[in-house]
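Working notes, beginning with the structure itself.
The values are calculated or read from the model by the stated rules, or taken from the named source; none is laboratory data. None of these values were measured; they are calculated from a predicted model. In this analysis, Cβ positions are derived from the backbone assuming ideal geometry, glycine residues included, and neighbour counts consider all displayed protein chains.
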């Protein structure tokens, strides 16, 4: 199964850097919940693909990725650099951040505790794997079912960011990157 990023750490660094850009410290619990949601929604939006090579297991408060948990136990590792992620992945992670980044770790824990794949794995005990198939089945519902279940519809995660112009028209927004010095416009 192909992955959209080379390493799970690429997603971790993206979320931690995004939080810092928003002048926020991202708590480890919140990071794990965002990673879990990103993995689930990515696999729904891009069938047959995983966002990252990650496995999520149950912890007393919700899903965690054990390798990331262990690697970041004492803070961000200093000798590890992330890889650049594609524009598609950046847009996707940005949509996850816009939709769920506003919540605290405690709020995400509370919201996600009743999600079926998490609840079923938690019922089996701590350290149980939350399968990708269960995640896709639960988060891959249509918009009406998603609203009824109180979860985000998959289409919310892949839409380009839209804003309104001064006259009210919807316009797609993408981040601006300056050209390198010495290049002509």
ask   = Is it true that residue 109 is outside any strand (DSSP E or B) and closer than 13 Å to residue 36 by Cα?
value = yes
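So which residues in the stretch 76-98 are farther than 15 Å from residue 14 by Cβ and either modelled with pLDDT of 90 or more or touching a helix residue (DSSP H, G or I) at 6+ places or on another chain (Cβ under 7 Å) (or both)? Before you say what the answer is, go through the steps one by one.
Step one: list which residues in the stretch 76-98 are farther than 15 Å from residue 14 by Cβ, which gives 77-79.
Across the stretch 76-98, the qualifying residue is only 77.
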Residue in the stretch 28-52 that is surrounded by the most Cβ atoms within 10 Å (Cβ to Cβ), counting only those that are assigned to a loop (DSSP other than H, G, I, E, B) and over 13 Å from the mean Cα position of the chain (by Cα) = 46
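Among the residues of the stretch 1-27, how many are part of a helix (DSSP H, G or I) and touching a residue at least 60 places away in the same chain (Cβ under 8 Å)?
Step one: list which residues in the stretch 1-27 are part of a helix (DSSP H, G or I), which gives 8-21.
Going one step further and asking which of them are touching a residue at least 60 places away in the same chain (Cβ under 8 Å), we end up with 8-16, 18-19.
Residues flagged as part of a helix (DSSP H, G or I) and touching a residue at least 60 places away in the same chain (Cβ under 8 Å) within the stretch 1-27 amount to 11.
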Residue count for the stretch 105-119, restricted to those that are in contact with a strand residue (DSSP E or B) (Cβ under 8 Å, 6 or more places away or on another chain) and within 23 Å of residue 53 (Cβ to Cβ) = 4
request  = Report, by residue number, each residue of the stretch 54-75 that is touching a helix residue (DSSP H, G or I) at 6+ places or on another chain (Cβ under 6 Å) and within 17 Å of residue 2 (Cβ to Cβ).
outcome  = 54
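What about residue 78, is it within 22 Å of residue 118 (Cβ to Cβ), over 11 Å from the mean Cα position of the chain (by Cα) and free of Cβ contacts under 8 Å to residues at least 12 places away in the same chain?
On the way: within 22 Å of residue 118 (Cβ to Cβ): no; over 11 Å from the mean Cα position of the chain (by Cα): yes; free of Cβ contacts under 8 Å to residues at least 12 places away in the same chain: yes.
Taking the combined requirement at face value, the residue does not satisfy it.
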remark   = Every listed condition ((1) within 26 Å of residue 123 (Cα to Cα); (2) in a loop (DSSP other than H, G, I, E, B); (3) out of contact with any helix residue (DSSP H, G or I) (no Cβ under 9 Å at 6 or more places or on another chain)) holds for residue 103 save (3)
